[in-house]
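Worksheet: one structure, shown below.
The values are calculated or read from the model by the stated rules, or taken from the named source; none is laboratory data. Keep in mind that what you see is a predicted model, and the values were worked out from it rather than measured. All Cβ positions, glycine included, derive from the backbone under ideal geometry; neighbour counts span all protein chains shown.
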Amino acid sequence: MDSNDDFSPAWLAYKPIANRTLREAWAHRLEVLTLPPFGLYSPLARAEQELKEALPSLLGVEVKRGRGIASKGLSLELTGGAPESFSLRCFPDGIRLKAADELGLLYGSFRLLAWIAQGREPEGLDLAEAPRLGLRMLDHWDNLDGSVERGYAGKSLFFRDGRVLPPGSRLRAYARLLASVGINAVALNNVNVRDPETRLITPLYLPRLAKLAELFRSYGIRLYLSANFAAPVTLGELDTADPLDPRVAAWWEERARIVWEAIPDFGGFVVKADSEHRPGPFTYGRDHAEGANLLAKAVAPYGGTIFWRCFVYNCLQDWRDRSTDRARAAYDHFHGLDGRFLPNVRLQIKNGPMDFQPREPVSPLFGSMPSTGQVLELQATQEYTGQQRHLCFLPEQWKSYLDFPVATGPDGDLARSVQGIAAVANAGDDPNWTGHDLAQANWYGFGRLAWNPELQPGDIAREWAAQTFGPDPKVVEALASMLLGSWETYESYTAPLGVGWMVNPNHHYGPSPDGYEYDRWGTYHFADRDGVGVDRTRSKGTGFAAQYRPELAALFEDPALCPQELILFFHHLPYGWMLRSGTPLIQSIYDSHFEGASRAAALVEKWKALEASIEGKIYSAVLKRLEEQKENAALWRDVINTYFFRKSGVADARGRLIHR
Ligand code: GCU
């Protein structure tokens, strides 16, 4: 068997339902399946295929095809309603799934299977669901040679040695996993588009990409690519990429024609421009509206979209220059451009103003550009959250952003201010997809939250655990108790109170308090013998706090009001500063690191208690990672505590061991 054929079913494990009464209650309602007519590679064909593969495994039933309008069994019906939505209802002799389109029927089929796999009873089944957000996207940072930027789970699922891989069983499984949680868009290649990947939009690669698109299409997933803003120059066809040069506009129009001819439902491009040495409109003295609109105009005739990233900042800063603040950059570059972008541009904004740290305030751009479409970008790949060697359940972090009141009023949350959500993907070709088996929960959780941002992380954790490991409540609760709180645990033994960045440069794993302190990336914490933190107030700091709407700006500006978990993001405070909890700042740093490391150690014991319930290979693999986490968390604790003890000279009030 090719190693690429040996992979985990993840949350589509469809483990047999052990409870006989429950199994029979479902089985008699599902033996006959009636569907409307469908084409060979349609979402409905995929729905039928999934039901026929899953139901025998879950319930031990063989599914027979019914004819005409069925009064018994499982019937899938095309009726009215919103695109992608579905309703699912249980009757004494059957289950009825209704949707407006085939995709709704596919999503409803997956929801039915999830419901069964979670060990729920048919009688309670009465769902009507529609995705809250139209765009639910995964962005892979994959390169044509098969490497994955910030990838912690093996090589690319799509590329190898300069080639696009054929759509084999692994990619079908990938597409099923996506569709099962409602993800409907995927960008295949790294936002850092280098010369080889620039060629993805040429006839050299388009036929192969069209094959992938065909597979994804049948699961309701649209294909996107990251584009190089300087492509006309890189491909040697023009001597400029100036967005206002008519030859450049004509070049992109022709390029769009070629791409859409190969892939008629191609989604569009993700663009990282003028960021970390990538080319962009600034080279030609143009702004980002001019840059984005160039591409948007070219793709508009085909219904294409441009995801224009706002991760634009000066990455060649001088640490001696205290007037420049990287946190300000996205807002400073983009806010004034509101109203100038074409309707098919979406500004893709990272959750926080810096770069996917364990904790950052929400980006002030959200909700601040009423005439511009926006998309939230999250990072599922755990670059700064333990690199899939530490357990860190990110839906809890994501939820804190999705629920954040970027505007006033009951509908002012971030989730309602955006047209979609993208996450940097955490999957690769490792047999378990994500390196750490439990990191699959982040992938699953992203899809679920993008479908419905109102879901609670606890419910997501339990659903995922039941679907992946079977619905034994003891196992599900034990897993949920490991996942929930793991983000805060990670945060508590790494960099304190929103300060971030105390990681080893480049690879970003493990502690290095001054690793970025005298570097050019604009990522400083300014710890000295008296205190730590970045003064971003309007009154005496960089003014970043003033980029928020007035109520929030007032909150962040005042250290007495600022949320404690972000206090060092906004303020430089003396070690003796009394936090609202009644603990001095320095003591809170020590406490958090001691407690975080001991919570990480406790994860090992929690997992060991599950040994009898988890398949041996997964049990050992996860145990190994948790043991590494325990050890690395202790290192974080000791390095950070010693660092602050040496800076401040203040001893731990509780007399615990801090190395000198
Ligand atoms: C981070 C990450 C880079 C990535 C960049 C981006 O800085 O370390 O690898 O390219 O984000 O989002 O563009």
Practice item. Hand me the list of helices (runs of 4 or more DSSP H) wholly inside segment 440-510 holding 3 or more residues that are surrounded by fewer than 22 Cβ atoms within 10 Å (Cβ to Cβ). Key: 457-469, 473-483
Exercise for review: May I ask you to list the residues in segment 240-277 that are within 16 Å of the ligand (Cβ to nearest atom) and of a type in the set (V, I, T)?
Suggested key: V270, V271
Review point. Within segment 315-349, restricting attention to residues that are assigned to a loop (DSSP other than H, G, I, E, B) and within 27 Å of the chain's Cα centre (by Cα), which residue is farthest from the ligand (Cβ to nearest atom)?
Key: P343
Review point. Residues in segment 606-614: is at least one within 27 Å of the chain's Cα centre (by Cα) and part of a helix (DSSP H, G or I)?
Key: yes
Review point. Which of (1) within 13 Å of the ligand (Cβ to nearest atom); (2) more than 22 Å from G541 (Cα to Cα); (3) of a type in the set (V, I, T) does V312 not meet, given it meets every other one?
Key: (2)
**Study point:** Number of the condition not met by A415 [criteria: (1) part of a helix (DSSP H, G or I); (2) within 15 Å of the ligand (Cβ to nearest atom)]
**Key:** (2)
Check your understanding: What's the number of the condition H333 fails, among (1) free of Cβ contacts under 8 Å to residues at least 60 places away in the same chain; (2) more than 24 Å from A415 (Cα to Cα)?
Key -> (2)
Check your understanding: Do we have A554 as of a type in the set (G, A, S), within 28 Å of the chain's Cα centre (by Cα) and not in a loop (DSSP other than H, G, I, E, B) here?
Key -> no
Practice item. Output the number of residues of segment 361-371 satisfying the condition of being in contact (Cβ under 8 Å) with a residue 60 or more places away in the chain and either within 16 Å of the ligand (Cβ to nearest atom) or not hydroxyl-bearing (S, T, Y) (or both). Key: 3
Study note, to complete from the structure: Checked segment 367-382 for anything among the aliphatic types (A, V, I, L, M) and either under 19 Å from R549 (Cβ atoms) or not in a strand (DSSP E or B) (or both); matches are M369, L376, A380
**Study point:** Answer residue from segment 145-166, given it is among the hydrophobic types (A, V, I, L, M, F, W, C) and within 16 Å of the ligand (Cβ to nearest atom) and is farthest from R89 (Cα to Cα) among those
**Key:** V148
Check your understanding: Only one residue in K98, K155 is in contact with a Ser or Thr (Cβ under 9 Å, 6 or more places away or on another chain), outside any strand (DSSP E or B), at pLDDT 95 or above and among the basic types (K, R). Which one?
Key -> K155
Exercise for review: Scan P358, P301 and give me the residue that is more than 16 Å from the ligand (Cβ to nearest atom) and either surrounded by fewer than 23 Cβ atoms within 10 Å (Cβ to Cβ) or more than 30 Å from A250 (Cβ to Cβ) (or both).
Suggested key: P301
Review point. Out of (1) more than 16 Å from the ligand (Cβ to nearest atom); (2) in contact (Cβ under 8 Å) with a residue 24 or more places away in the chain, what's the single condition that is false for N192?
Key: (1)
Revision key, fill the gap. Within segment 276-293, residues under 10 Å from F341 (Cα atoms) and hydrophobic (A, V, I, L, M, F, W, C) come out as A289, A292
Exercise for review: Exactly one condition in (1) surrounded by 17 or more Cβ atoms within 10 Å (Cβ to Cβ); (2) in contact with a Phe, Trp or Tyr (Cβ under 9 Å, 6 or more places away or on another chain); (3) touching a residue at least 60 places away in the same chain (Cβ under 8 Å) is not met by L212; state its number.
Suggested key: (3)
Study note, to complete from the structure: In the set L76, L106, L112, L97, the lone residue that is buried (at least 23 other Cβ atoms within 10 Å of the Cβ), in contact (Cβ under 8 Å) with a residue 24 or more places away in the chain and farther than 16 Å from V181 by Cβ is L76
Check your understanding: In segment 266-281, is there at least one residue being within 29 Å of L378 (Cβ to Cβ), in a helix (DSSP H, G or I) and at pLDDT 95 or above?
Key -> yes
Study note, to complete from the structure: When restricted to I221, I201, the only residue under 20 Å from N426 (Cα atoms), in the same structural domain as Y284 (by TED's automatic domain parsing), more than 16 Å from the ligand (Cβ to nearest atom) and hydrophobic (A, V, I, L, M, F, W, C) is I221
Check your understanding: Do we find a residue being touching a residue at least 60 places away in the same chain (Cβ under 8 Å) and among the aromatic types (F, W, Y) anywhere in segment 282-293?
Key -> no
Study note, to complete from the structure: Among R520, R529, R538, the single one that is within 16 Å of the ligand (Cβ to nearest atom) and among the charged types (D, E, K, R) is R520
Check your understanding: Since N452 meets every condition but one in (1) in contact with a helix residue (DSSP H, G or I) (Cβ under 9 Å, 6 or more places away or on another chain); (2) under 19 Å from A117 (Cβ atoms), which condition does it not meet?
Key -> (1)
Practice item. Only residues that are over 19 Å from R326 (Cβ atoms) and touching a Gly at 6+ places or on another chain (Cβ under 8 Å): list them for segment 336-367, please. Key: F341, P343, N344, V345, R346, G367
Review point. Among (1) within 36 Å of the chain's Cα centre (by Cα); (2) farther than 16 Å from R120 by Cβ, where does A54 come up short?
Key: (2)
